[in-house]
Each structure stands twice: as C-alpha cells, then as structure tokens.
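One structure is given here, and the rest of the page talks about it.
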Amino acid sequence: MTTPSRSRLPAHRPALILVLLLALVAAVTGCGKDGSPPVKGPQPEDLPVYQVATGFSLPDSPTWQRAKKRGRLVIGVKEDQPYLGEKDPASGRYSGFDIEIAKMMAASLGFRPDQIEFKTVASANRETALQNGQIDYYVGTYTINDNRKKQVGFAGPYYMAGQSLLVRRDEEDIKGPEDLAGKRVCSAAGSTPAQRLEREYPQADLVTYDTYSVCVDNLLTYQVDAVSTDDSILLGYAAKVPEELKVVGKPFSREPYGIGVPRGDNALRFALDDALAANEKNGNWKKAYDATLGLSGTPAPAPPAIDRYPAN
Ligand code: GLU
C-alpha cells in the first residue's frame, strides 16, 4: 500500500458510491420527466439573447484574427462549478454565469453561438492554455492579480467573489479560517485560495486536486474537513445538497473575476472591456446573473468597476 501524499489521495470506493448517490438525489429532486432539463438550471427563456455584432473587425488583435480565420472561437471554461460553469454530461452543453459572460463577449466580437467551442481547462492550466493558443480567451472564476498579469491579460473584472469555507452540515468546530489548524482542507491546485491557505494559514493541512468537485466529494466522504475557495463556487455546491453542506463564516479575501486573454493582445482586452461595459448597461449582465448564479441564493450585486489598465 502506498502512503497518501499530501497533495494526492488515492481514489476511494465510498467516494464513488457517494457520487452515484448524489447523482440519484439530483435525478430525483432536480429533474422533471425524461429528458426535461434540471429544474434548478437556467431556463432558456430566462437567458438574454445576445445581439451578434455584424461587420465587426479587430485587425490589431492576433487572437481575434486567428479565430475569424478558423471560423469559431475556442473559449476556456470550467465544467464542474454549479451555476458558474457546468457541463451537462448527457448533452455536453455548458451553462452558468461564466458561460453567459463568455457568450455575450463572443456576440460582441461578431461570433454566433454555433461558432463557439467551449473547452474545459482546470485552474492550474489556464495560463499555459492562453500562452499556447489552445484557447482564445478564458471565463471561469479567474481571479485577476498582479502575479497572473505577468503571464496573461485580463479584461474586467465582471464579478467580485471572496474566499470562504464549505463544511459538512453537522460541522461545529470550523467557523472561519482561524479554526483550520490541524484540519484537512481541500482546494484546487494553482488557485489563489490554495496559495492563500499555504501562505496565511500554514497550520491547516492543505490537500489539492485539479477540481473542486473532487474536493467536495472528499468532504462528503469524511476524507477532508473543509473545502476552501470562492464563496460563489461554494454556495453553488451547498445549494445542490443543502441537507449535507453549508458555507460558514465571512469571505476572507477579494477575488475579482476577469476574462483571461493572451498577454499583449491589448486590442482584444479593450474590446472585451467595452463589451462588458455595454452589457452591464443594457441589462444583459443582470439578466444573465439572475438566471444562473443568482439561483444559488445571492441577489445580483452591482458589478465591480472595470479596470482598463494601460496597454502592456
Ligand atoms: N478565483 C480563484 C482563482 O482564480 C479560485 C477559483 C478557481 O480556482 O477558479 O484561483
């Protein structure tokens, strides 16, 4: 038998059983008759229809030009974050607030919905995916910070989240980050919450995986004591199984969500800043929020001010 490493735990059978159980719960509570969409998910009629810009051109953006030649945009997203970026395993369709932001940006750049290809990219691989041209832009709970700005560009922010904690409903010891000493806390590799735990709460026993859904699975099977990441993500998981999970304490960081673009493509970055501003003004941003992230329980906040930092 191998000893579980600090950062990688072996797969456990109970975990699998629980996933199946949760799937069953979701099937029973979340879905209507055969083939009907989940009740809690965004209903197509609630979502805005984004006007596709005609005759739009961005000659100074190499990313836009490459996408135009290809005939479609490739957008990096998440696929396991409820109400933000979720992929329906049956249809392969993506939904959530980040997906809506991605679509509204595409429309402003002159691309129709059928010209969008979504690609799932985990937290730790975002910078590389943008640098290697595997994706044109990224929309997936991506915190803007100075460190990342050395590697990629950011339009936005379009939303302000904050680091928080998810625990089992019967947990009484953990009420905030100061209660984490000696506790096993799970987060995603390469994420700002994982970095903050390492830096500011070194007494916590940090466990990292590629995705938060694996962390949540580990929480439900008592292999970790808490999951830590943005409140927006954790509230979504809690809303899916409120009888099992709860978000505790107050957010203890500021996580401004940006749209990641290849570094140096300032033309694309500014075009996305303009598109965000226009969609906040015309009501699309709020309508998209209400139909997606709003379903996890927080009313639409005012979007944060866009930081149109100088060309670099
Ligand atoms: N917003 C944080 C980050 O960008 C956490 C969420 C995530 O991993 O996507 O690292």
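Give the carbon-plus-sulfur fraction of the accessible surface of segment 53-181 in %, rounded to a whole number; probe 1.4 Å, heavy atoms of protein chains only.
Looking at segment 53-181 in its full context, I get 45 percent from C and S.
Sort all Cα-Cα distances of segment 226-277 into consecutive 10 angstrom bins from zero, then give the percent of pairs in each bin up to the one containing the longest distance.
P(r) for segment 226-277, in whole percents per bin: 20, 33, 23, 21, 3.
Considering only S57, S232, S91, give the residue with the highest GNM mean-square fluctuation for the chain, with springs between Cα atoms whenever their separation is below 10 Å.
Its mean-square fluctuation being the largest, the pick is S91.
Could you give the length gained by full extension between S57 and R70, i.e. 0.36 nm per residue of separation minus their alpha carbon distance, to one decimal place?
Extending this stretch completely gives an extra 3.2 nm.
What list of ³J(HN,Hα) values in whole Hz, one per residue of segment 47-59 in order, does the Karplus curve 6.51 cos²θ - 1.76 cosθ + 1.60 (θ = phi - 60°) give from phi, with Gly and Pro shown as x?
Couplings: 8, x, 9, 8, 5, 7, 5, 9, x, 6, 8, 9, x Hz.
Please tell me which of these pairs span more than 19 angstrom C-alpha to C-alpha: K68/K281; K78/K119; K119/K287; K103/K287; K103/K281; K175/K246?
Beyond 19 Å: K68/K281; K119/K287.
Within the chain, which DSSP H helices have Cα atoms that stretch 20 Å or more along the helix axis and a mean Kyte-Doolittle hydropathy of at least 1.0?
13-30
Averaged per residue, what accessible surface does the chain expose to a 1.4 Å probe, in Å²?
Value for the chain: 48 Å² per residue.
Roughly speaking, what is the stretch gain from K246 to A277, that is 0.36 nm per residue apart minus the C-alpha to C-alpha distance, in nm to one decimal?
7.8 nm
So what is the 222 nm mean residue ellipticity for the chain from helices alone, if each DSSP H run of at least 4 adds -39500 (n - 2.57) and you divide by all residues, rounding to the nearest 500 deg cm²/dmol?
-9500 deg cm²/dmol
Where Rh is the Kirkwood radius over the Cα pairs of the chain, the temperature 10 °C and the viscosity 1.306 mPa s, what D in µm²/s does Stokes-Einstein return?
Roughly 79 µm²/s, to the nearest whole number.
So which trypsin sites (Lys or Arg not before Pro) in segment 214-312 are both in a DSSP loop and have at most 16 other Cβ atoms within 10 Å of their Cβ?
In loop regions of segment 214-312 (DSSP not H, G, I, E or B), the sparsely surrounded trypsin sites (Lys or Arg not before Pro) are R254, R308.
Binning at 5 angstrom from zero up to the longest distance, how are the C-alpha pair distances of segment 158-254 distributed in percent?
Final binned percentages: 3, 15, 29, 30, 18, 5, 1, 0.
For the chain, what proportion of DSSP beta bridges, expressed in % and rounded to the nearest 5, is antiparallel?
In the chain, DSSP labels about 60 percent of beta bridges as antiparallel.
Tell me, what does the Kirkwood hydrodynamic radius of segment 92-243 come to in angstroms if you use every pair of distinct C-alpha atoms?
16.8 Å
Can you pull the one-decimal nm distance between simple spin-label points at Q203 and D114, each 7 Å off the Cα toward Cβ?
Between Q203 and D114, the label points sit 6.0 nm apart.
Using only the alpha-carbon atoms, what does segment 269-312 span along each of its principal axes? Please give whole angstrom values in decreasing order.
Projected onto its principal axes, the Cα set of segment 269-312 covers 38, 17, 13 Å.
Taking 0.36 nm per residue of separation and subtracting the Cα-Cα distance, what length does fully extending Q134 through E45 add?
Net length gain for the segment: 28.8 nm.
Expressed as a whole percentage, what fraction of the accessible surface of segment 197-293 belongs to carbon and sulfur atoms when a 1.4 Å probe is rolled over the protein heavy atoms?
50 percent
Once amide H atoms are built 1.01 Å from N in the peptide plane, which residues 5 or more positions from G110, or in another chain, come under 5 Å H to H?
Counting only residues 5 or more places away or on other chains, the set is A53.
Separation between the A239 and K150 pseudo-spin-labels, each 7 Å from Cα along Cα→Cβ, expressed in nm?
Each label point is offset 7 Å from its Cα along the Cβ direction, giving 3.7 nm.
The values are calculated or read from the model by the stated rules, or taken from the named source; none is laboratory data. What you see is a predicted model; the values in this text were computed from it and never measured. Virtual Cβ from ideal backbone geometry, glycine too; neighbours counted across all protein chains shown. Just so you know, the surface numbers come from the protein's heavy atoms only, side chains and all, with ligands and any DNA or RNA stripped out. Shrake-Rupley method; radii C 1.70, N 1.55, O 1.52, S 1.80 Å.
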